[in-house]
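Below: one structure, written as structure tokens.
What follows draws every value from the coordinates through simple rules; no lab data is involved. Only a predicted model underlies this, so the values are computations on that prediction, with no experimental measurement involved. When we count neighbours, we look across all protein chains shown, and the Cβ atoms used for this are built from the backbone with ideal geometry, even at glycine.
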Amino acid sequence: MIGDPDPTDGGRLRMRAFDDQGGYGEMRASVDEAGVWTFTGDTMRAMLTIDSGGKTMAAKWERSPDGATWVDWMDMEFAREA
């Protein structure tokens, strides 16, 4: 769920991601001039890139056990059907 811009955090969007057990994580979302979305939390972050035609999206997720050291977690690709 993506919410309103946070004026105290450079206008990044507030965000919550929910799991199937009722838990959630809080993150901030922003989009750069190239259209790359970045989602950042305390222990996870992702960069989502949508192709220029809007038919595919790639997501690269990283995790951090300590909030300072980041390691690859998962790479995902999505394709829009016709």
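Find the residue count for the range 45-75, including only residues that are within 18 Å of residue 32 (Cβ to Cβ) and touching a residue at least 12 places away in the same chain (Cβ under 8 Å). Lay out the reasoning, then the answer.
Taking the range 45-75 first, the residues within 18 Å of residue 32 (Cβ to Cβ) are 45-52, 54, 57-62.
Subset that is touching a residue at least 12 places away in the same chain (Cβ under 8 Å): 45-50, 54, 57-62.
Count: 13.
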With the condition kept exactly as written, say whether any residue in the range 13-25 is of a type in the set (S, T, N, Q) and in contact (Cβ under 8 Å) with a residue 12 or more places away in the chain.
no
Flagged in the range 60-82 as of a type in the set (A, V, I, L, M, F, W, C) and out of contact with any Ser or Thr (no Cβ under 8 Å at 6 or more places or on another chain), in numbering order, are 61, 68, 73, 74, 76, 82
If we scan the range 46-63, do we find a residue that is exposed (fewer than 13 other Cβ atoms within 10 Å of the Cβ), over 30 Å from residue 82 (Cα atoms) and not charged (D, E, K, R)? no
